[in-house]
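Novice: What follows is a structure written as structure tokens; I'll ask about it next.
The values are calculated or read from the model by the stated rules, or taken from the named source; none is laboratory data. The structure presented is a predicted model; accordingly, all values stated were derived computationally and were not measured. Note: ideal-geometry Cβ built from the backbone for every residue, glycine included; neighbour counts use all protein chains shown. For accessibility, only protein heavy atoms count, side chains too; no ligands or nucleic acids. Shrake-Rupley method; radii C 1.70, N 1.55, O 1.52, S 1.80 Å.
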Amino acid sequence: MHLELDAKGGRAPLLHDELVALSAPTQAWSRRDGTMDGPAHGVFHGDWRWVRGLELLVDGRSVEHLSTAEERGWTVFRAVARDLDGGTSSRVLVERMRGVEQGGLVERVTLVNGRDVEVAAVIELRLDLELAPIATVRDGRPEPVRIDLRIEDGSAVVTDGIRSLRCSSARGAISIDGHRVSATRSVVVQPGDWATLSIELAVDDPHTLARGPLTASLPAPRSTGRPELDRWAARAVADLEDLSLDLGHGPFPAAAAPWELGLRARDALVAARLALPLGAAIAEGTLRTLATRQGVLHDPATGEEPGRIPHELRDDGDASTAVFGASVDATPLWIVLLHDTWAAGMPTESARELRTALHAALGWLAARTGEGFLADPGDTEVRAGVQAIACRAAVGAADLLDALGDDGDEWRAWAARLRSRFRESFWTELEGERTPVAAIDRNGAALDRLGAELGQLLGARILDPDDEELVASMLLDERIASGFGLRSLSADDACYWPMLEHGGAISPHETGVAIEGLLLAGHDAEARALAEELLVASRAFDGRLPALYAGYGVEDVAAPLPFPGACTPHASSAATAVIAHRALDERPRIARVERTKRHLAVVERAAEAGGPSARSGSAPRPQLRLVSPEG
């Protein structure tokens with residue numbers, strides 16, 4: 001019922017109150033009591049949803065939910081069946097365990113009799129089957145394909161002629177009614193005893209290319225003595241493992257559940273880099289997987305160009321299609337990850353295996369940038385953060401090329417020229433104070449906005465130390481730093497709204513990138529302050545930061561407000577916990593950094609002094625600039 005109403009409306013499902021059990025490329029979404037009956041619910045594998053409904057009945061009635069917990073790799077739901085105990089007592093316990101593995105799901109129900117008399121009951125698990133492309137489920141309009149359902153050797157088998165799902169039960173009887181599969185068992189449970197019913201699902205889909213690796217385990221983060229921080233980091237590591245996929249070249253992190261459970265280069269490259277303190281396995285797998293799909297031809301349809309790293313890989317029948325044109329920063333991000341992985345301990349000989357891909361990527365970077373800035377031809381603006389990534393890529397590549405026996409000086413000179421152009425074009429001056437800008441238009445005019453993307457400028461070798469100190473101070477101003485992380489747009493901007501993805505909402509990985517940059521630039525105190533903000537935010541999400549959440553600050557709300565439809569778990573949000581853990585490791589808990597030198601202040605344009613407020617929408621917004629604490 002709930003599902004059909006939302007499907008007719010075509011609204012994207014909300015996810016923040018839902019529960020997921022995940023082992024990529026398989027995932028199960030439900031209510032927190034384990035029931036599947038909502039628009040985002042079901043059992044998914046790869047690009048398809050197989051099960052849209054799942055219900056547990058005891059003697060034809062629902063049980064009453066008590067708790068949900070994750071225990072030893074299982075999701076455990078506990079409930080009582082008071083109808084079996086006169087309706088008043090709670091001596092019949094129902095324990096329901098859900099386990100998801102790559103290509104399968106196990107649902108096990110245990111009825112525990114705490115009464116002093118025997119209990120007779122019928123335990124039933126009902127599954128409603130519907131094979132629908134995941135993209136149509138995401139859009140709120142599932143489009144199921146025709147399926148055939150039959151009983152075979154005591155199991156229910158459903159197929160569309162290409163892929164199949166087998167539903168079986170070791171102790172129960174399997175039956176089918178239309179597209180419903182039921183596993184049923186009649187039990188008589190003696191006092192102090194228990195009885196079980198389970199159902200096992202196994203998917204066979206030859207067109208699911210990205211299969212999870214057999215071993216993608218990551219080392220547990222070192223204990224800091226702060227239980228809350230350690231739990232957050234441990235959960236993030238578990239999420240990175242569960243999101244890991246492999247196309248035959250080593251593990252890489254899928255972008256996010258449920259809708260983006262595939263390779264998105266920007267997400268994978270950032271996540272792998274932020275997670276480097278855990279080891280290089282995921283980084284190497286990401287680098288190699290993307291290198292095998294690196295562009296070799298000019299193809300306007302996909303955006304492929306020689307040397308370019310693809311934006312994403314999409315399953316397409318029995319092959320994967322690389323799509324290049326959606327992100328201009330994937331190629332320099334790949335170069336940055338290669339350098340950082342090598343600097344973190346990747347053997348030089350392993351890096352040498354990617355030498356040809358490195359030269360090709362650098363060739364694309366030089367050709368696309370020329371003596372200007374890095375942007376796609378169709379972009380209406382040029383972003384400061386992308387130039388910082390390009391500069392960091394060139395400087396890192398120069399060091400790696402030297403180690404490989406090549407000459408890196410050409411790329412040091414290239415970075416120096418980009419740095420000089422950046423200094424001339426991406427800074428403005430207001431009343432004698434220099435201020436960076438986040439972007440310029442195609443004519444070179446500054447686009448007057450500030451936000452979390454400033455964090456990408458740090459540690460990228462595109463700023464001198466004085467300018468890095470200035471940007472570090474700006475990031476800690478409460479207009480950008482909300483107390484729960486960095487806003488995508490400063491709160492005093494006329495276009496700010498905390499529920500807009502790029503207009504004020506908080507993407508945790510942007511704060512993670514800023515923390516990384518602050519550490520590289522030697523601003524450890526500021527890095528710890530931002531890490532503390534994310535730690536506070538993690539409490540509201542049970543240690544699992546979503547892709548984004550609303551930009552309301554600590555002065556507005558007691559806890560972060562979920563963003564409608566935000567994916568979770570999210571690879572780069574999970575990896576952010578790793579870099580935050582590093583920033584806070586063996587450090588005392590601190591308050592937000594006092595801005596002892598300078599801070600952001602609102603400064604009206606001279607021509608508008610005394611005019612109407614920018615918040616009214618009738619005048620351009622005030623500017624931000626740095627001033628001394630005394631004003």
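Novice: Would region 318-336 turn up any residue that is surrounded by fewer than 18 Cβ atoms within 10 Å (Cβ to Cβ) and more than 23 Å from the chain's Cα centre (by Cα)?
Specialist: Yes, region 318-336 has at least one match.
Novice: Right, another one. Name the residue that is most open to solvent (accessible area, probe 1.4 Å), counting only residues in region 563-573 that are over 22 Å from residue 479 (Cβ atoms) and outside any helix (DSSP H, G or I). It would help to see each step written out before you state the result.
Specialist: Here is the first cut: in region 563-573, the ones over 22 Å from residue 479 (Cβ atoms) are 564-573.
Add one more test, that the residue is outside any helix (DSSP H, G or I), and what stays is 564-570.
Numbers: 564: 69, 565: 26, 566: 12, 567: 15, 568: 22, 569: 1, 570: 14 Å².
The selected residue is 564.
Novice: A further question on this structure: I'm trying to understand the selection: among the residues of region 524-558, which are in a loop (DSSP other than H, G, I, E, B), hydroxyl-bearing (Ser, Thr, Tyr) and surrounded by 24 or more Cβ atoms within 10 Å (Cβ to Cβ)?
Specialist: Within region 524-558, no residue meets the criteria.
Novice: Going through 106, 112, 122, 117 one at a time, which residue ends up being hydrophobic (A, V, I, L, M, F, W, C), under 15 Å from residue 182 (Cβ atoms) and open to solvent by 10 Å² or more (accessible area, probe 1.4 Å)?
Specialist: Only one candidate passes the filter, namely 122.
Novice: Which count do you get for residues in region 285-315 that are at pLDDT 95 or above and of a type in the set (Lys, Arg)?
Specialist: Final tally of qualifying residues: 2.
Novice: Mind listing just one residue for me: the one in region 15-54 that is of a type in the set (D, E, K, R) and at pLDDT 95 or above and, of those, least open to solvent (accessible area, probe 1.4 Å)? Don't jump to the end; show me each part of the working.
Specialist: Just the residues of region 15-54 that are of a type in the set (D, E, K, R), to begin with: 17-18, 31-33, 37, 47, 49, 52.
With the extra rule that they be at pLDDT 95 or above, the set shrinks to 18, 31-33, 37, 49, 52.
Numbers: 18: 45, 31: 99, 32: 113, 33: 46, 37: 60, 49: 0, 52: 71 Å².
Filtering region 15-54 for residues that are of a type in the set (D, E, K, R) and at pLDDT 95 or above, the one least open to solvent (accessible area, probe 1.4 Å) comes out as 49.
Results for (1) among the basic types (Lys, Arg); (2) farther than 19 Å from residue 568 by Cβ; (3) in contact (Cβ under 8 Å) with a residue 40 or more places away in the chain, shown as yes or no for each residue.
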{"residue": "25", "(1), (2), (3)": "no, no, yes"}
{"residue": "35", "(1), (2), (3)": "no, yes, no"}
{"residue": "38", "(1), (2), (3)": "no, no, no"}
{"residue": "43", "(1), (2), (3)": "no, no, yes"}
{"residue": "57", "(1), (2), (3)": "no, yes, yes"}
{"residue": "63", "(1), (2), (3)": "no, yes, no"}
{"residue": "67", "(1), (2), (3)": "no, yes, no"}
{"residue": "75", "(1), (2), (3)": "no, no, yes"}
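Novice: Test residue 270 against the stated conditions and say whether it is β-branched (Val, Ile, Thr) and touching a Ser or Thr at 6+ places or on another chain (Cβ under 6 Å). Even if it seems obvious, please write down each step before you answer.
Specialist: On the way: β-branched (Val, Ile, Thr): yes; touching a Ser or Thr at 6+ places or on another chain (Cβ under 6 Å): yes.
Criteria met by residue 270.
Novice: Can you tell me which residue among 107, 124 is more than 23 Å from residue 46 (Cα to Cα) and in a strand (DSSP E or B)?
Specialist: Values: 107 fails: more than 23 Å from residue 46 (Cα to Cα).
Among 107, 124, only 124 is more than 23 Å from residue 46 (Cα to Cα) and in a strand (DSSP E or B).
Novice: When the residues of region 55-75 are narrowed to those that are assigned to a strand (DSSP E or B) and under 20 Å from residue 184 (Cα atoms), which ends up most open to solvent (accessible area, probe 1.4 Å)?
Specialist: That would be 61.
Novice: Follow-up. Can you tell me which residues in region 246-255 are closer than 22 Å to residue 18 by Cβ and buried (at least 24 other Cβ atoms within 10 Å of the Cβ)?
Specialist: 253, 254 - these are the residues of region 246-255 that are closer than 22 Å to residue 18 by Cβ and buried (at least 24 other Cβ atoms within 10 Å of the Cβ).
Novice: Which is without any contact (Cβ under 8 Å) to a residue 12 or more places away in the chain, within 17 Å of residue 326 (Cα to Cα) and not polar (S, T, N, Q), of 255, 301, 265? Break it down into steps so the answer makes sense when it comes.
Specialist: Numbers: 255 fails: without any contact (Cβ under 8 Å) to a residue 12 or more places away in the chain; 265 fails: without any contact (Cβ under 8 Å) to a residue 12 or more places away in the chain.
Checking each option against the conditions leaves just 301.
Novice: Going by the conditions given, is residue 284 surrounded by fewer than 20 Cβ atoms within 10 Å (Cβ to Cβ) and in contact (Cβ under 8 Å) with a residue 12 or more places away in the chain?
Specialist: Details: surrounded by fewer than 20 Cβ atoms within 10 Å (Cβ to Cβ): no; in contact (Cβ under 8 Å) with a residue 12 or more places away in the chain: yes.
Spelling it out, it is not the case that residue 284 is surrounded by fewer than 20 Cβ atoms within 10 Å (Cβ to Cβ) and in contact (Cβ under 8 Å) with a residue 12 or more places away in the chain.
Novice: If you take the residues of region 379-418 that are within 31 Å of the chain's Cα centre (by Cα) and charged (D, E, K, R), which of them is nearest to residue 347 (Cα to Cα)?
Specialist: Checked region 379-418; the qualifying residue nearest to residue 347 (Cα to Cα) is 399.
Novice: Same structure, new question: With the condition kept exactly as written, say whether any residue in region 132-148 is of a type in the set (D, E, K, R) and either within 27 Å of residue 241 (Cβ to Cβ) or open to solvent by less than 10 Å² (accessible area, probe 1.4 Å) (or both). Don't jump to the end; show me each part of the working.
Specialist: Applying the first criterion (of a type in the set (D, E, K, R)) to region 132-148 yields 138-139, 141, 143, 146, 148.
Going one step further and asking which of them are either within 27 Å of residue 241 (Cβ to Cβ) or open to solvent by less than 10 Å² (accessible area, probe 1.4 Å) (or both), we end up with 138.
The answer is yes; a qualifying residue exists.
Novice: Scan region 164-187 and report the pairs whose first residue is farther than 10 Å from residue 154 by Cα and whose second residue is crowded, with 19+ Cβ neighbours inside 10 Å and aromatic (Phe, Trp, Tyr), with Cβ atoms within less than 6 Å and a gap of 6+ or a chain change.
Specialist: As it stands, the answer is 165/50, since those pairs meet every condition given.
One line per residue, one yes/no per condition, for (1) in contact (Cβ under 8 Å) with a residue 24 or more places away in the chain; (2) among the hydroxyl-bearing types (Ser, Thr, Tyr); (3) on the phi > 0 side of the Ramachandran plot:
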residue: 461; (1), (2), (3): yes, no, yes
residue: 473; (1), (2), (3): yes, yes, no
residue: 480; (1), (2), (3): yes, no, no
residue: 487; (1), (2), (3): yes, no, no
residue: 508; (1), (2), (3): yes, no, no
residue: 512; (1), (2), (3): yes, no, no
residue: 515; (1), (2), (3): yes, no, no
residue: 527; (1), (2), (3): yes, no, no
residue: 531; (1), (2), (3): yes, no, no
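Novice: If you check 273, 266, 211, which single one turns out to be open to solvent by 40 Å² or more (accessible area, probe 1.4 Å), modelled with pLDDT of 95 or more and not aliphatic (A, V, I, L, M)?
Specialist: Answer to the check: 266.
Novice: Out of (1) open to solvent by 10 Å² or more (accessible area, probe 1.4 Å); (2) part of a loop (DSSP other than H, G, I, E, B), the odd one out for residue 97 is which?
Specialist: (2)
To keep it simple, each residue is scored yes or no on (1) closer than 25 Å to residue 190 by Cα; (2) touching a residue at least 40 places away in the same chain (Cβ under 8 Å); (3) in contact with a Phe, Trp or Tyr (Cβ under 9 Å, 6 or more places away or on another chain).
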| residue | (1), (2), (3) |
| --- | --- |
| 97 | yes, no, yes |
| 100 | no, yes, no |
| 115 | yes, yes, no |
| 135 | no, yes, yes |
| 155 | no, no, no |
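Novice: Considering only region 393-414, state which residues are out of contact with any Lys or Arg (no Cβ under 6 Å at 6 or more places or on another chain), part of a helix (DSSP H, G or I) and buried (at least 17 other Cβ atoms within 10 Å of the Cβ).
Specialist: Within region 393-414, the first condition is being out of contact with any Lys or Arg (no Cβ under 6 Å at 6 or more places or on another chain), and the residues that meet it are 393-394, 396-397, 399-403, 405-414.
When the remaining residues are screened for being part of a helix (DSSP H, G or I), the result is 393-394, 396-397, 399-403, 409-414.
Correct list: 393, 394, 396, 397, 400, 401, 411, 412, 414.
Novice: Taking the residues in region 447-491 that are surrounded by fewer than 19 Cβ atoms within 10 Å (Cβ to Cβ) and of a type in the set (Asp, Glu) as candidates, determine which candidate is modelled with the lowest pLDDT.
Specialist: Per the stated criteria, the residue is 448.
Novice: Right, next: Keeping to region 502-512, report how many residues are open to solvent by 20 Å² or more (accessible area, probe 1.4 Å) and under 17 Å from residue 571 (Cβ atoms). Show your work before the answer.
Specialist: We begin by selecting, within region 502-512, every residue open to solvent by 20 Å² or more (accessible area, probe 1.4 Å); these are 502, 509-510.
Restricting the remaining residues to those that are under 17 Å from residue 571 (Cβ atoms) gives 509-510.
The qualifying residues number 2.
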